[in-house]
Amino acid sequence: MRLRRLVTVAALAALGACSGVERPPSTTIDACRMQTERPHWFKAMRKTEARWGVPVSVQLATISRESSFVGDARPTTKVKGLFFTREVQRSSAYGYAQAIDGTWDWYMRDTGRRGADRDDFADASDFIGWYMNLNQRLNGVSTRDAYNQYLAYHEGKAGYARGSYRNKPWLPPVARDVQAWADRYEAQLQACAR
């Protein structure tokens, strides 16, 4: 009986490992500890920063807000019925960066990264870099400006240009929170580099 249980546990662990989606780090409030636990994430984010000009801290704050570092995250909403409550998917957003289908397809075509996956951290990091760099070119928003970059990330580059976020009073405080986390992560990363 014990051997059967061990074999079952080993099989489930192997299946989980094959899924390719990592569990979130043990903490998401300490960039230095995350860097120790997920050095390959930080290598990918530094590569994105070099390629697209988006600081690691801005990437971290965006991923934290979008998916809480859950690689297979999907946005859902609870629907209450008379006899049940269930969660329903709200959009095609998926993965670390919560990229929607159309924008992810555009990213793959534009960058030539046809095999990119939204639940792969390095691909999600590169996507964020590409998107924010494009927003900088189209709307003049610095890639270091986490507040305005997040507004554009949420509303789309055209929506940001139209100011659609002004009709959503709940969104600017969320973007301010993203900026605060980017600042916090930046200070932490500078401290742990010393």
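The values are calculated or read from the model by the stated rules, or taken from the named source; none is laboratory data. Because the structure is predicted, anything quoted here is derived from the model rather than measured. All Cβ positions, glycine included, derive from the backbone under ideal geometry; neighbour counts span all protein chains shown. Surface areas here come from the heavy atoms of the whole protein model, side chains and all, with no ligands, DNA or RNA. Shrake-Rupley method; radii C 1.70, N 1.55, O 1.52, S 1.80 Å.
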Report yes if some residue within the range 9-31 is modelled with pLDDT of 95 or more, buried (at least 17 other Cβ atoms within 10 Å of the Cβ) and within 22 Å of W181 (Cα to Cα); otherwise report no.
yes
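If I ask for residues that are open to solvent by 20 Å² or more (accessible area, probe 1.4 Å) and either hydrophobic (A, V, I, L, M, F, W, C) or outside any helix (DSSP H, G or I) (or both), which ones from the range 113-133 would you list?
From the range 113-133, those open to solvent by 20 Å² or more (accessible area, probe 1.4 Å) are 113-115, 117-120, 122, 133; that's our starting set.
Matches in the range 113-133: R113, R114, G115, D117, R118, D119, D120, A122.
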Restricting to the range 88-107, and then to whatever is among the hydroxyl-bearing types (S, T, Y) and part of a loop (DSSP other than H, G, I, E, B), can you tell me which residue is farthest from K43 (Cα to Cα)?
S91
Exactly one condition in (1) of a type in the set (D, E); (2) assigned to a loop (DSSP other than H, G, I, E, B); (3) at pLDDT 95 or above is not met by D110; state its number.
(2)
Among (1) open to solvent by less than 50 Å² (accessible area, probe 1.4 Å); (2) outside any helix (DSSP H, G or I); (3) modelled with pLDDT of 95 or more; (4) not β-branched (V, I, T), which single condition is R144 missing?
(1)
